[in-house]
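Heads up: the structure comes next, in structure tokens.
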Amino acid sequence: MKRVYNFSAGPAVLPEEVLKEAAAEMLDYNGTGMSVMEMSHRSKAFEQIITEAEQDLRDLMQIPDNYKVLFLQGGASLQFAMIPMNLMKNGVADYIVTGQWAKKAFQEASKYGKVNKIATSEDKTFSYIPDCSDLPVSEDADYVYICENNTIYGTKYKTLPNTKGKTLVADVSSCFLSEPVDVTKYGVIYGGVQKNIGPAGVVIVIIREDLITEDVLPQTPTMMQYKTHADAGSLYNTPPAYGIYICGKVFKWLKKMGGLEVMKQRNEEKAKILYDFLDESKLFKGTVGKKDRSLMNVPFVTGDADLDAKFVKEAKEAGFENLKGHRTVGGMRASIYNAMPKEGVEKLVEFMKKFEAENC
Ligand SMILES: *Cc1c(COP(=O)(O)O)cnc(C)c1O
């Protein structure tokens, strides 16, 4: 068996321990004589899986009782529509556009109401987070929307925007569970789990209860109403059961590791190894200024597209996979999510040093 260091932005690396456990339980989950994939979502065994998964997530993030946790489908991209359809009571929302995903969410929301772009970093190819301390938040905005960690560009909000009392909605797909968060600062926190939690197919929505109402835009499909899923405990229809089971295992792994405070320390340590090298390298350089750097996604370039391609190719041969940057930006990107061991980052930097010596 061969395992590579997988720097993919998503679907991404999962803890090896979790994969081994799932493998051991593949044919017989906990004495049921069947795989979780073969199990009724109404069974006792699955009920326990989803209940424990929710409780472990609540423990990890210290989610207050007045927030619901929903396990949904359709990816983060479906939330781009569900959010306006459920939350736009006045038909107005403010968006801060710091990357492709925020831009897509902004464009989708424009179909449903009056959507204002109150700040953007598009002028410098999304390489920074704009100052959000005193933005022109609309009087009648139903919410202010951000993408908290920009997977493609490698930027992250270090302080949340001042929403002037409006509900904050955040896409945390690529920084979910990477550090502690104060849930009470948000109305909605959501993300696809395939970046930093589990397998593709599950999206987790953490939503304050007062935002879950029947007062949604006309013609909102039943499946796209938060109330449908909140009332049914995420079991209105067949949920992505196997994915939820793996997420639950990752939550237990995170608890065993020491929780989100410990993950933050680990993630800072790992990111520092890579950023420190980029700051001193004569060949490679990071594309994001120090103050806005993501701990999860680290884009870098040599400044020469041919040399970038050579690096990606040789890195792959050496067992470092998926280092090619997003197709819209080029260069390289190392995604170093929770499950990437420190050793993986150390070995990558060693390899980069060697490549620099040979090509400089
Ligand atoms: C990957 C990603 C998305 C899109 O996720 P899907 O589950 O593929 O719809 C949205 N937002 C962010 C921040 C992402 O990283």
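The values are calculated or read from the model by the stated rules, or taken from the named source; none is laboratory data. All values derive from a computational prediction rather than experimental measurement. Positions of Cβ are generated from backbone atoms using ideal geometry, with glycine treated the same way; all protein chains shown enter the neighbour counts.
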Give the residues of the stretch 1-28 that are of a type in the set (A, V, I, L, M, F, W, C) and within 13 Å of ASN322 (Cα to Cα), sorted by residue number. VAL4, PHE7, ALA9, ALA12, VAL13
State whether one or more residues within the stretch 226-234 are within 21 Å of the chain's Cα centre (by Cα) and surrounded by fewer than 21 Cβ atoms within 10 Å (Cβ to Cβ). no
Where SER133 falls short, out of the listed (1) assigned to a loop (DSSP other than H, G, I, E, B); (2) in contact with a Phe, Trp or Tyr (Cβ under 8 Å, 6 or more places away or on another chain); (3) away from the ligand (no atom under 12 Å from the Cβ); (4) not charged (D, E, K, R): (2)
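Go through the residues of the stretch 35-53 one by one and say whether even a single one is under 23 Å from the mean Cα position of the chain (by Cα), surrounded by fewer than 17 Cβ atoms within 10 Å (Cβ to Cβ) and away from the ligand (no atom under 16 Å from the Cβ).
So the first thing to find is which residues in the stretch 35-53 are under 23 Å from the mean Cα position of the chain (by Cα), and the list is 49-53.
Now narrow it down to the ones that are surrounded by fewer than 17 Cβ atoms within 10 Å (Cβ to Cβ): 51-52.
Among the residues that remain, those that are also away from the ligand (no atom under 16 Å from the Cβ) are: 51-52.
Yes, because at least one residue in the stretch 35-53 is under 23 Å from the mean Cα position of the chain (by Cα), surrounded by fewer than 17 Cβ atoms within 10 Å (Cβ to Cβ) and away from the ligand (no atom under 16 Å from the Cβ).
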Does any residue in the stretch 160-181 that is in the same structural domain as PHE80 (by TED's automatic domain parsing) come within less than 6 Å, Cβ to Cβ, of a residue that is among the charged types (D, E, K, R) and within 16 Å of the ligand (Cβ to nearest atom) six or more places away or on a different chain, and which pairs are these? ALA170/GLU148; VAL172/GLU148; SER173/LYS195; SER174/LYS195; CYS175/GLU148
Being touching a Lys or Arg at 6+ places or on another chain (Cβ under 6 Å) and in a helix (DSSP H, G or I) is the filter here; which residues of the stretch 210-232 pass it? ALA230
Residues (in a loop (DSSP other than H, G, I, E, B) and within 22 Å of TYR67 (Cβ to Cβ)) located in the stretch 233-259: GLY233, SER234, LEU235, TYR236, PRO239, PRO240, GLY259
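Go through the residues of the stretch 12-28 one by one and say whether even a single one is farther than 27 Å from PRO341 by Cβ and surrounded by 15 or more Cβ atoms within 10 Å (Cβ to Cβ).
Among the residues of the stretch 12-28, not one is farther than 27 Å from PRO341 by Cβ and surrounded by 15 or more Cβ atoms within 10 Å (Cβ to Cβ), which makes the answer no.
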Go through the residues of the stretch 303-324 one by one and say whether even a single one is more than 24 Å from the chain's Cα centre (by Cα) and surrounded by 21 or more Cβ atoms within 10 Å (Cβ to Cβ). yes
I'd like to know if the stretch 112-125 contains one or more residues that are within 15 Å of the ligand (Cβ to nearest atom), more than 19 Å from MET88 (Cα to Cα) and of a type in the set (A, V, I, L, M, F, W, C). no
